[in-house]
Amino acid sequence: MRNILLFIVKYGPFFLFLFFQITCFWLITSYNEKQKSIFINSSNLFSGYINEQSNKVSSFFSLDEENEALRKENAKLLQEILNIRVERSSNQVDTFADKYSIIPSKICAKSLDLRNNHLTLCKGEKDGIKKGMGVIGPNGVLGLVNQTSQNYSSVLSILHSQSRISVSLANQNHHGYLIWDTGDPQYATLHAIRKYAQLNIGDTIVTSGYSTIFPKGIAVGSIADFKIEPGGEMFLTKIKLFEDFNVANEAYVINSIFKTEVDSLTIENE
């Protein structure tokens, strides 16, 4: 009781002042049409602002869900395109035997300025991602899954000194391998293209399809420059990568349905 009395003594004048202020404000807005109109308009503006900010907050928290839904839709379309392309290239028409499935993911983290760069995906083993799967972005190849946990995956980026991607010229039957030895995240080097290949600036480079990691024909980059290697038998070709790693935040993991079977045959033959 004593504490309540002390509180009233200490803060009573303030609450009395506040009561009179509210009463005055009510009297002014109730019996003066001009002030009443101003108050109503101001209240509407204020409530509108609050509703707008509330909607922005709600939209922000639902943005991840919308982006995930969009990634899944893009993955379905990409999966259809890849399987149709494989059917056409092998002259087989079997809509019930898709050879590839796509797992969409957001990129959680990445490095660009190291000698050995990696990406981290926000999905892992529980989403079906396994070591050895290929990873692409909206515009081209990103890398290869090399480690997984339940919820995350580490990707050996093509911007890695140990990365070797089998590629070919889009319109010619010449293939080689892509190495990142430029130190520039926008460029890599194509090796092992023989000197009798017809190269032109701007020619497209795609995955060769000579492995179970990437299907044939996925865009990688375009020829920016080329010259004959010392020794005179092969081209040394500078490739402008289609995928901009500086802004990349979406990834699609390629699951080859028959990878285990094909790899087992390869091991047996070795």
- Note on the structure: If we keep only residues of the stretch 189-216 that are without any contact (Cβ under 8 Å) to a residue 40 or more places away in the chain and part of a loop (DSSP other than H, G, I, E, B), then the residue nearest to Tyr100 (Cα to Cα) is Asp203
- Message: Is it the case, given these coordinates, that Ser161 is small (Gly, Ala, Ser), closer than 23 Å to Tyr100 by Cβ and touching a strand residue (DSSP E or B) at 6+ places or on another chain (Cβ under 8 Å)?
- Response: no
- Task: Within the stretch 211-237, count every residue that is of a type outside the set (A, V, I, L, M, F, W, C) and closer than 15 Å to Ile254 by Cα.
- Result: 5
- Please enumerate the residues belonging to the stretch 193-217 that are surrounded by 16 or more Cβ atoms within 10 Å (Cβ to Cβ) and touching a His at 6+ places or on another chain (Cβ under 8 Å). Ile193, Ala197, Ser208
- Query: Are any residues in the stretch 108-160 of a type in the set (Ser, Thr, Tyr) and closer than 17 Å to Asn246 by Cβ, and if so, which ones?
  - Reply: Ser111, Thr120, Ser157
- Look through the stretch 65-117, keep the residues that are over 19 Å from Pro138 (Cα atoms) and among the hydroxyl-bearing types (Ser, Thr, Tyr), and return whichever of them is modelled with the highest pLDDT. Ser89
- Residue pairs meeting the criteria (Cβ under 6 Å; at least 6 apart or on separate chains; first in a loop (DSSP other than H, G, I, E, B), in the stretch 110-126; second of a type in the set (Gly, Ala, Ser)): Arg115/Ser161; Cys122/Ser105; Lys123/Ser105; Gly124/Ser149; Gly124/Ser153
- Filtering the stretch 219-248 down to residues that are of a type outside the set (Lys, Arg) and touching a Gly at 6+ places or on another chain (Cβ under 7 Å) yields Ala219, Val220, Gly221, Ser222, Ile223, Ile239, Leu241, Phe242, Glu243, Ala248
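The values are calculated or read from the model by the stated rules, or taken from the named source; none is laboratory data. All of these numbers come straight from a predicted model, not from anything done at the bench. Note that each Cβ is placed from the backbone with ideal geometry, even for glycine, and that neighbours are counted across all protein chains shown.
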